[in-house]
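Novice: The structure under discussion is supplied below as structure tokens; questions concerning it will follow.
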Amino acid sequence: MKKIAVHFGAGNIGRGFIGWLLVQAGYQVIFADVDEKIVEAINTQGEYEVILANEEQERFMIEGVQAVNSSKEVERLAKYISEAKIVTTAVGPTILPRVAEVIAKGIELRVGSAEYLTVIACENMIGGSEILQAAVLPLLTVEAKEYAKKFVAFPNSAVDRIVPNQNHENLLTVTVEPFYEWVVEEPLNEENAPEIAGLNYVPDLTPYIERKLFTVNTGHAVTAYFGHMRNIKSIEDAIHNEKVLFIVRSALEETGALLEKKFQFSHHEHQAYIDKIIERFKNPYVSDYVTRVGRSPIRKIGENDRFIQPARQFVEAFNETPKALAIAIAAAMKFEEPTDEEACALQKAIKEQGLDQTIEQYTGLKPYTKLFEKIRTSYHELV
């Protein structure tokens, strides 16, 4: 009998990245999702195709998968969690706390066993697994808490793989870029940590997750917002625009200086990493719409996300205001996209409450600080 892995989120990242690696590692993968069409398709077909976004368009068939509707089949899902070796998520930071209840139910069912469980949140956020753990533990009985303390690990992770916007004849087919990175902090029960090809355990995750968040995510978002301001439709076309490329490189020079100082990264190696990231943005096979990459600007300018976090740390590290990051934050605040709820809410706040109050509300920055002032000035200067 195959070892079981439960993965929350049967979207493109779930199928084309985490789910794929779990299947390759010999797991019976159970996808949990609320999308009835995807759940039905997985259970009907039992397999799906992954296509690499390169010139060769290599194709891989991922077989033997199942799915559960996480909103309608809670007891069944909890039973799978009770039997699993590993539980992973790729649902998005805002949805993550919602999966805590069923994970708690699954842990309750494990009480009395001596089986280890590893729970990894594979999200674009810092400390995702810790946040999930904090949501799960209060839902457990005293007995289950004791079990979890001994047998359940919630190691944080950093994940990186670009999945472009796409449409295929088969609902389950997914295209992903060839490059990927999945780094996980070593859990306390290290000897029981799942062995998965492509998953790398490290003693300290912080350098990896901040390098990724402050380079890939920051750079992608800057490309999107400045591309959008110039009425450029795609990330590929935007990054080939000299002015957009200049501001992207400038922002990544600032985050790079911070990362090099904070984690003693080699300047030469980090510059090579920045070059590699920009080349990934130029890949025509993974190009995406700037409106899709730029969506959810309120989350992106949040105090713990890809702009404000490195900008504040830059001020603390160098006692200087990061100019390019401040301009990028201002560009994010100018993002107007009628199909995006957050973009509409942000523009409404600026119109009704004024720019100063909106900056303070959504970034957590205080008025009259140099960074706040630079963002406000940049907002008025951007055309």
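Novice: For the stretch 295-317, how many residues are under 22 Å from the mean Cα position of the chain (by Cα) and either hydroxyl-bearing (Ser, Thr, Tyr) or open to solvent by 50 Å² or more (accessible area, probe 1.4 Å) (or both)?
Specialist: Qualifying residue count for the region: 6.
Novice: Any residue at all in the stretch 229-239 that's touching a strand residue (DSSP E or B) at 6+ places or on another chain (Cβ under 9 Å), closer than 24 Å to Ala10 by Cβ and of a type in the set (Lys, Arg)?
Specialist: Of all residues in the stretch 229-239, those touching a strand residue (DSSP E or B) at 6+ places or on another chain (Cβ under 9 Å) come to 233-235.
Checking which are closer than 24 Å to Ala10 by Cβ leaves us with none.
No, the stretch 229-239 contains no residue that is touching a strand residue (DSSP E or B) at 6+ places or on another chain (Cβ under 9 Å), closer than 24 Å to Ala10 by Cβ and of a type in the set (Lys, Arg).
Novice: Among Lys79, Lys72, Lys37, Lys85, which is the only one that is within 26 Å of Ile107 (Cβ to Cβ), in contact (Cβ under 8 Å) with a residue 60 or more places away in the chain and open to solvent by 50 Å² or more (accessible area, probe 1.4 Å)?
Specialist: From the options Lys79, Lys72, Lys37, Lys85, the qualifying one is Lys85.
Novice: Out of everything in the stretch 130-152 that is surrounded by 20 or more Cβ atoms within 10 Å (Cβ to Cβ) and touching a residue at least 40 places away in the same chain (Cβ under 8 Å), what residue ends up being farthest from Glu108 (Cα to Cα)?
Specialist: Selected residue: Leu132.
Novice: Let me ask you something else. Cβ-Cβ below 6 Å, separation at least six or inter-chain, first residue in the stretch 274-293 and closer than 18 Å to Gln57 by Cα, second open to solvent by 30 Å² or more (accessible area, probe 1.4 Å): which pairs?
Specialist: Pairs that qualify, where the first residue is closer than 18 Å to Gln57 by Cα and the partner is open to solvent by 30 Å² or more (accessible area, probe 1.4 Å), are Pro284/Glu236; Ser287/Glu236; Asp288/Asn165.
Novice: For Ile103, are the conditions met, namely being under 25 Å from the mean Cα position of the chain (by Cα) and open to solvent by 10 Å² or more (accessible area, probe 1.4 Å)?
Specialist: Working: under 25 Å from the mean Cα position of the chain (by Cα): yes; open to solvent by 10 Å² or more (accessible area, probe 1.4 Å): no.
Considered against the rule, which asks whether it is under 25 Å from the mean Cα position of the chain (by Cα) and open to solvent by 10 Å² or more (accessible area, probe 1.4 Å), Ile103 comes out as no.
Novice: To continue, here is another question. Any idea which of Ile103, Ile126, Ile86 is in a strand (DSSP E or B) and in contact with a helix residue (DSSP H, G or I) (Cβ under 8 Å, 6 or more places away or on another chain)?
Specialist: Criteria check complete, one pass: Ile86.
Novice: Residues being acidic (Asp, Glu), under 21 Å from the mean Cα position of the chain (by Cα), surrounded by fewer than 19 Cβ atoms within 10 Å (Cβ to Cβ) and within 26 Å of Glu56 (Cα to Cα): count how many of those fall in the stretch 166-196.
Specialist: Looking only at that region, the number is 1.
Novice: Of the residues in the stretch 260-273, how many are of a type in the set (D, E, K, R), in contact with a helix residue (DSSP H, G or I) (Cβ under 7 Å, 6 or more places away or on another chain) and without any contact (Cβ under 8 Å) to a residue 40 or more places away in the chain?
Specialist: The total comes to 1.
Novice: I need the full set of residues from the stretch 237-294 which are open to solvent by less than 10 Å² (accessible area, probe 1.4 Å), more than 21 Å from Glu336 (Cα to Cα) and not β-branched (Val, Ile, Thr), in order please.
Specialist: Scanning the stretch 237-294 gives Ala251, Leu252, Gly256, Leu258, Leu259, His270, Phe281.
Novice: Can you confirm whether the stretch 173-189 contains a residue that is touching a Gly at 6+ places or on another chain (Cβ under 8 Å) and under 28 Å from Gln264 (Cα atoms)?
Specialist: Taking every residue of the stretch 173-189 in turn, at least one turns out to be touching a Gly at 6+ places or on another chain (Cβ under 8 Å) and under 28 Å from Gln264 (Cα atoms).
Novice: Condition (residue is touching a Ser or Thr at 6+ places or on another chain (Cβ under 6 Å) and farther than 21 Å from Arg161 by Cα) applied to the stretch 280-302: is it met by at least one residue?
Specialist: Yes, because at least one residue in the stretch 280-302 is touching a Ser or Thr at 6+ places or on another chain (Cβ under 6 Å) and farther than 21 Å from Arg161 by Cα.
Novice: If you scan the stretch 89-100, which residues turn out to be open to solvent by 10 Å² or more (accessible area, probe 1.4 Å) and either of a type in the set (Val, Ile, Thr) or not in a helix (DSSP H, G or I) (or both)?
Specialist: Within the stretch 89-100, Ala90, Val91, Gly92, Pro93, Thr94, Ile95, Val99 qualify.
The values are calculated or read from the model by the stated rules, or taken from the named source; none is laboratory data. As the structure is a computational prediction, the values presented were derived from the model and not from experiment. Methodologically, a virtual Cβ is constructed for each residue, glycine included, from the backbone with ideal geometry; neighbour enumeration extends over all protein chains shown. For the accessible areas, the whole protein counts, side chains as well, though only heavy atoms, and no ligand, DNA or RNA atoms are used. Shrake-Rupley method; radii C 1.70, N 1.55, O 1.52, S 1.80 Å.
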